[in-house]
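K.L.:
The structure follows.
We did not get these values from a lab; they are worked out from the coordinates using the rules stated. Remember, it's a predicted structure, so these values are computed and weren't measured experimentally. Note that we place each Cβ from the backbone using ideal geometry, even for glycine, and neighbour counts take in every protein chain shown.
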Amino acid sequence: MHRALSFLIKLEGLFHDVKSIIQAAGLSFDASTEVIPATDLFGAPCSFYRINGMYKLAIEEWLKKHSQPDLFSPTYVRDIARKDLSSTSLYPTLGLDTTLPQYRPESDKTHRRTPRPSQNEYPVWYFFYDTLLDKAILARLFGSDFHAPFRVAKIRGGTVRTMGKYNALVDDETGRNVVRGKAMRVQTREHEERLRAYETNVYEVVRCKIEVGQNEFIKGLTFRFIAEFMD
């Protein structure tokens, strides 16, 4: 079963509030009214509302009947990469089946340690292996004056596969593969959310062990392609 695509629609113009989006999409009035705050590339505040692909089509049909396309076009972005790091287990970790007994948390809570990185831990190290190594893309995400030193790095537990015109990191079933790239320390939640928005919801944030030197390891994160989106 494939995971449903979801999108964020910007609150602006004809859709300046959630109510107008709900009406255009034909949603019931008990639908969620949660607004997602964000900032644009210039640092200005903006807001979004989450919809799925079917509601996006419904909105586009509504616009054909109620608006001239050259006067208003809504801003859609793909939903951001999921991040749901367990505070009681290693889930999710690249290349690791955390349901196996050896990876389950200790039953004795006095000896149990909170897995790291934790959900809201900043700064946090990320491993990049493809387009996020491009300085031009990072400048587009964080501004032209952004500078963060990379460390040459590698990880195990994953392998890179070609998905269309992109390379995607997935679990390595053999456990022997090495992926080479670079590690960057992400300083804030805002910067992390920009990275998650760039990767979109076909990826998820997972824990990994980043090797940055001989016998030097960092507990960090990376973006893993979600298997349900294959094919």
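K.L.:
If each of A136 and H66 carries a label point 7 Å out from its Cα toward its Cβ, how far apart are those two points in nm?
P.N.:
Result: 4.0 nm between the two label points.
K.L.:
Continuing with this model, one more query. How many percent of all Cα-Cα pairs in the range 101-229 sit more than 20 Å apart?
P.N.:
In whole percent, the long-distance tail amounts to 48.
K.L.:
Once Rh is set to the Kirkwood radius over Cα pairs, what Stokes-Einstein translational diffusion coefficient, in µm²/s, holds for the chain at a temperature of 10 °C and a viscosity of 1.306 mPa s?
P.N.:
It comes out at roughly 80 µm²/s.
K.L.:
A further question follows. Given the options L133, L85, L27, which has the most mean-square fluctuation in a GNM of the chain, springs set between C-alpha atoms less than 10 angstrom apart?
P.N.:
Of the options given, L27 has the highest mean-square fluctuation.
K.L.:
If exposed GluC sites (Glu not before Pro) are those in a DSSP loop with at most 14 other Cβ within 10 Å, what is the longest stretch of the chain that has none?
P.N.:
Longest stretch, sites excluded: 35-105.
K.L.:
If you don't mind, there's one more thing I want to ask. Can you give the calculated 222 nm mean residue ellipticity of the chain, where each DSSP H run of n ≥ 4 adds -39,500 (n - 2.57) and the sum is split over every residue, rounded to the nearest 500 deg cm²/dmol? Can you show the working numbers first?
P.N.:
Details: 4 runs with 41 residues, N = 231.
My calculation for the chain gives -5500 deg cm²/dmol from helical runs alone.
K.L.:
Based on the Cβ-Cβ distance from S89 to E216, what FRET efficiency comes out when R0 is 22 Å, to the nearest 0.05?
P.N.:
In this case the efficiency is close to 0.30.
K.L.:
Once amide H atoms are placed 1.01 Å from N in the peptide plane, what residues at a sequence separation of 5 or more from L11, or on another chain, have their amide H within under 5 Å of its amide H?
P.N.:
Amide H neighbours of L11, under 5 Å, 5+ apart: S47, F48, Y49.
K.L.:
Also, quick follow-up: With charges set only on the Cβ (+1 for Lys and Arg, -1 for Asp and Glu), what does the dipole of the chain come to about its Cα centre, in debye to the nearest 20?
P.N.:
660
K.L.:
Given a Förster distance of 41 Å, report the FRET efficiency between T174 and M54 from their Cβ-Cβ distance, rounded to the nearest 0.05.
P.N.:
About 0.60, to the nearest 0.05.
K.L.:
Go through K83/K135; K65/K165; K83/K154; K83/K165 and tell me which ones have a Cα-Cα distance over 28 Å in this structure.
P.N.:
Details: K83/K135 24 Å; K65/K165 36 Å; K83/K154 22 Å; K83/K165 25 Å.
Distance filter (> 28 Å) returns K65/K165.
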